[in-house]
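Visitor: Have a look at the structure that comes next, please.
The values are calculated or read from the model by the stated rules, or taken from the named source; none is laboratory data. Predicted model, so just to flag it, every value in this text is computed and none were measured. Cβ atoms come from the backbone with ideal geometry, glycine included; neighbour counts cover every protein chain shown. Note: accessible area is taken over every heavy atom of the protein model, side chains too, but ligands, DNA and RNA are not part of it. Shrake-Rupley method; radii C 1.70, N 1.55, O 1.52, S 1.80 Å.
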Amino acid sequence: MAIFQTKKYRSAADAGTFAARYRATMAKHPFLLFGLPFMSIIVAGSFVLTPATAVRYEKHDRRVRQMTKEEALGVGKEGRRVNIKDEYYRLAAKDIDNWEQKRVKRLPGEPDGVL
């Protein structure tokens with residue numbers, strides 16, 4: 001029984017061409033065929049996506065910005081001017097020792113928790 005050769009037949013005319021040398025080099029060094037293009041795509045993708053992520057974070061920064069104390073107090077519908085000293089004295093004047101526990105009125109159909 002005849003044994004077939006593992007190498008494909010190439011004529012002597014094709015042996016010296018650029019394509020033949022390129023094919024032989026790729027067979028010996030598969031990194032040039034698979035690894036180098038893969039690494040190139042990864043590096044190029046990093047450079048291409050950097051401006052896209054910058055736009056994303058700039059958009060987020062425009063939406064969420066630092067507020068001053070006056071703006072934070074005026075966010076509510078009826079924002080009143082607050083003075084820390086006045087608030088301290090107003091809370092200090094309250095009697096916090098005398099209090100009474102009151103149940104919250106439940107919605108219809110909601111269990112009230114009484115057994």
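Visitor: Run the numbers for Asn83 and Lys28: contour at 0.36 nm per residue of separation, minus the present Cα-Cα distance, in nm.
Guide: Here the answer is 11.8 nm.
Visitor: Follow-up question, since we're still on this one. Carbon and sulfur atoms: what percent of the 1.4 Å accessible area of the chain do they account for? Intermediate results must be reported in sequence, preceding the final value.
Guide: Working: 7600 of 12250 Å².
Within the chain, the accessible surface is 62 percent carbon and sulfur.
Visitor: At 1.4 Å probe size, with every protein chain present, just tell me what the per residue accessible area of the chain comes to in Å².
Guide: Details: 12250 Å² over 115 residues.
Accessible surface, normalised per residue, equals 107 Å².
Visitor: Which of the aspartates and glutamates could a cross-linker bridge to Lys69, judged by Cα under 18 Å and excluding same-chain residues fewer than eight apart?
Guide: Glu78, Asp86, Glu87
Visitor: While we're looking at this one, here's another question. Ignoring the sites themselves, what is the longest stretch of the chain with no GluC sites (Glu not before Pro) in a DSSP loop and at most 10 other beta-carbon atoms within 10 Å?
Guide: Between the exposed loop sites, the longest stretch runs 1-77.
Visitor: Okay, helix-only estimate at 222 nm for the chain: each DSSP H run of n ≥ 4 adds -39500 (n - 2.57), divide by all residues, round to 500 deg cm²/dmol; what do you get?
Guide: -14500 deg cm²/dmol
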